[in-house]
1. Could you tell me whether residue 859 is in a helix (DSSP H, G or I), touching a residue at least 24 places away in the same chain (Cβ under 8 Å) and under 26 Å from residue 753 (Cα atoms)?
2. Can residue 528 be described as in a helix (DSSP H, G or I), at pLDDT 65 or above, more than 30 Å from residue 246 (Cβ to Cβ) and in contact with a helix residue (DSSP H, G or I) (Cβ under 9 Å, 6 or more places away or on another chain)?
3. Give me the strands (runs of 3 or more DSSP E) completely within segment 1-110, filtered to those with at least 1 residues that are surrounded by fewer than 19 Cβ atoms within 10 Å (Cβ to Cβ) and modelled with pLDDT under 75, ordered by residue number.
4. Select from segment 684-734 the residues that are in contact with a helix residue (DSSP H, G or I) (Cβ under 9 Å, 6 or more places away or on another chain), part of a helix (DSSP H, G or I) and farther than 19 Å from residue 656 by Cα and list them in ascending order.
5. Restricting the search to segment 139-160, which residues are crowded, with 22+ Cβ neighbours inside 10 Å and touching a helix residue (DSSP H, G or I) at 6+ places or on another chain (Cβ under 6 Å)?
6. Can you find even one residue in segment 269-288 that is buried (at least 21 other Cβ atoms within 10 Å of the Cβ), in contact with a strand residue (DSSP E or B) (Cβ under 8 Å, 6 or more places away or on another chain) and part of a strand (DSSP E or B)?
7. Tell me, which residue of segment 230-244 that is at pLDDT below 90 and under 11 Å from residue 258 (Cβ atoms) is farthest from the chain's Cα centre (by Cα)?
8. Among the candidates 1013, 955, 1002, which residue alone is surrounded by 18 or more Cβ atoms within 10 Å (Cβ to Cβ) and on the phi > 0 side of the Ramachandran plot?
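The values are calculated or read from the model by the stated rules, or taken from the named source; none is laboratory data. A quick note: this is a predicted structure, and the numbers were derived from the prediction, not measured. Here the Cβ is made from the backbone with ideal geometry for all residues, glycine too, and neighbour counts use every protein chain on show.
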């Protein structure tokens, strides 16, 4: 499924083909007629002050309309005298999100006026432009704040002469009878309103650089509403929570006019508040329980953050929220901007709802939508044009086969296999940021005019994680004062632009990149980021920075993605930092510097120097002894290695590995041979650790000391045992062995890695999962010294495959670490609370033991069979022949077990780590591939031509033409029905395929098939996660993680 990537595509242009579905009579009924006449006593709106029935809203609108009649009659007469259409009367509405907006809108329509919705977020200069451009004859205000704002606007713009009509809220809830409403409705339908009478002028950014008034006629509005009622199943029993602004189509038509048309109830918040929104979504105590909710991606992101901070800590609360949302709310929608898949997935986890998304524009309403039931439904009702801009209207409204079509400017490609349209970009530089459609040239014009020191300016949209923001590249003259210039620009932007149009990041550059034609090359702006960073450092002081200032500089570079070290005097706002970047800084400081770092401390001291000064006093008493030990290391002495000790160590390692094998060869009892060799090899490690004076405490010592060589010996002894340990991974027996080696392992812990250099320094809590090939490194090397550190991992953690934990890891509870992640320092969990237990039953542990013994017995039988076939030959021939026979037989047996015993995995796999399904499907597969890995690698590695046919025989969907596979075993870790490989693919060495993900509560989830498109290349040591779909001709670099979101981005989804 593709999320929020819907566009229309035509081979000639990207257009909407719109065909109106009905015609209005010359005295057509207004859009509110049916609901008011049928449901006068039903609650229509609940706002922050009161609730209102349809009858009360209508009666208040009629009362206001009588006050508007003299104004409209006067303006109509003036228009007639000027030879203009008398119906061309526009009234602005500047009201908060409450009943006053609906009353003002209905009243304006009752007197035949066109409504121009305005926003309290707009500065006076923008309001003045809208009122003047739309030729408004009056403006209706709903409260004291809006009245003061419009007064300020008119005072600053004396050329605008309009009337101000103030709504008296005390008289809004007038009680009327059903008959009175019908009588009034007959009067309200006598306005001379045709099918093309203007209903709304909604302002949106256009290609000219200034906002354009988009004219929506009554039939277009009605067509929008009809399409949404049909697409989303609106009924009078619905209750919608309204949290959107009312000057855009999403909040005005989709979330307001549509529910009013069907007679539904609207709960309207004065402004978005995440905590209040959650109360209405999940609390059963309200009289009207929400059944429909719609918002933009940034609102869903804030709701998720509020949920994680306040509601997710207790399992009972999580279950209650999911139950309430999934059972009581029938529909949740998202629009106005592309929804990141991470938000879509997380919202589904929280509420059980898969967000329904739609695609549309002010000019044409909802055009595409995800299906409610059935196929997608195209929208209807194209706009009439841009008010007062016939030139722009002619550019976007075109005639195709006798039908009026709208050219959106969006570019897309059609996926012929799925029938989906995939968004590529825009033909112009119009972008959407946090749900607002913005024309970048309008911002650039304000910035250029703000100061004479600015030569040119380019504004672009950038993305960071789940957020997007505007970045301004400003070309400035030489010898300017940067701080003063930024103040001038910020002041100008605040005075002429709404808040969502003000760039979050500023980069001052000496020149902008040009293309061959001498025009600014927007695609090359990334190449001058380094120049911008260097320019910001021109006035960097030469004072030597402290170690803490250097550390904070590095954190700022990583969090804000700077290209060079920032000036320690600059605040993160001056460096272009966003709120998400600040949260990243806070997380890094807590992880690497000071665990109890407070967010208020960061915002109160936003520069590196200020923050370092405050933190130095806080950290003055933290670990003083350890810091002194590190500071007083004598680096003047360079130690030398000892070849004598190393030679003795190699002989000792060889002896301790060979003697169990030689002794077992003389035994005739097969069962003892199966157990004796691995048991002796494994038990020798804790024995030698005790003999050498271990377990060794953490601390620092010089290289090539006696303590160093003891660790050197133990590490190599552990490496020799990794094959035997591979049979124990994921079992309670591995946890027991680690405890025998000095580790502190909690209950119900699942460990699938043997890459541990000092197990006695390992501490792992309860119910934690550690993935395949995770490196747990307690040993770090320096120039002349080495250091041992503890690794502490809390309870209910999930560490992804090939993560590297090193250098004093202190991971708290409930931490989720993505695969191929370097982890160091203190790591705080997402939330607190208990998770489900993952203990294996006695029968499951017995199953694991029997499976391990069976593998050992099979190998013993194959080795005896191989030796019996070659023992009579000379030793120089018998050994290689025995190895060859063992490899072929072992590989054959392993493949037969994988196909006929383990088999395929079921679809939609989602089970806990202690389930029989997981043990039989994944643990057993891991055991077999680990046990027979030497045989399989010998037979099929190094781009063997038989490998693709073997995978196909196992059940994988694979095209064996021109497929090159360096290492065969990693592909066997994926159930064959989850593996799809097209022709021409090259898979380099040590590629890690992760067929499932594990959550912090021990749930194993398969996201889908792993698909590798034709002619793709997977580099060495890359990681491919569950559900990844790589398109054709993709090159995955070495040590690169590809997850579901990355692969979707590569496909433009």
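1. Values: in a helix (DSSP H, G or I): yes; touching a residue at least 24 places away in the same chain (Cβ under 8 Å): yes; under 26 Å from residue 753 (Cα atoms): yes.
Yes, satisfied.
2. No, not satisfied.
3. The qualifying strands (runs of 3 or more DSSP E) are 15-17.
4. Residues of segment 684-734 in contact with a helix residue (DSSP H, G or I) (Cβ under 9 Å, 6 or more places away or on another chain): 684-686, 688-689, 692-702, 704, 706, 709-710, 712-714, 716-718, 720-721, 723-734.
With the extra rule that they be part of a helix (DSSP H, G or I), the set shrinks to 684-686, 688-689, 706, 709-710, 712-714, 716-718, 720, 723-728, 732-734.
Residues satisfying the conditions are 706, 726, 727, 728, 732, 733, 734.
5. Correct list: 139, 140, 141, 142, 153.
6. No, because not a single residue in segment 269-288 is buried (at least 21 other Cβ atoms within 10 Å of the Cβ), in contact with a strand residue (DSSP E or B) (Cβ under 8 Å, 6 or more places away or on another chain) and part of a strand (DSSP E or B).
7. Out of the qualifying residues, it is 230.
8. From the options 1013, 955, 1002, the qualifying one is 1002.
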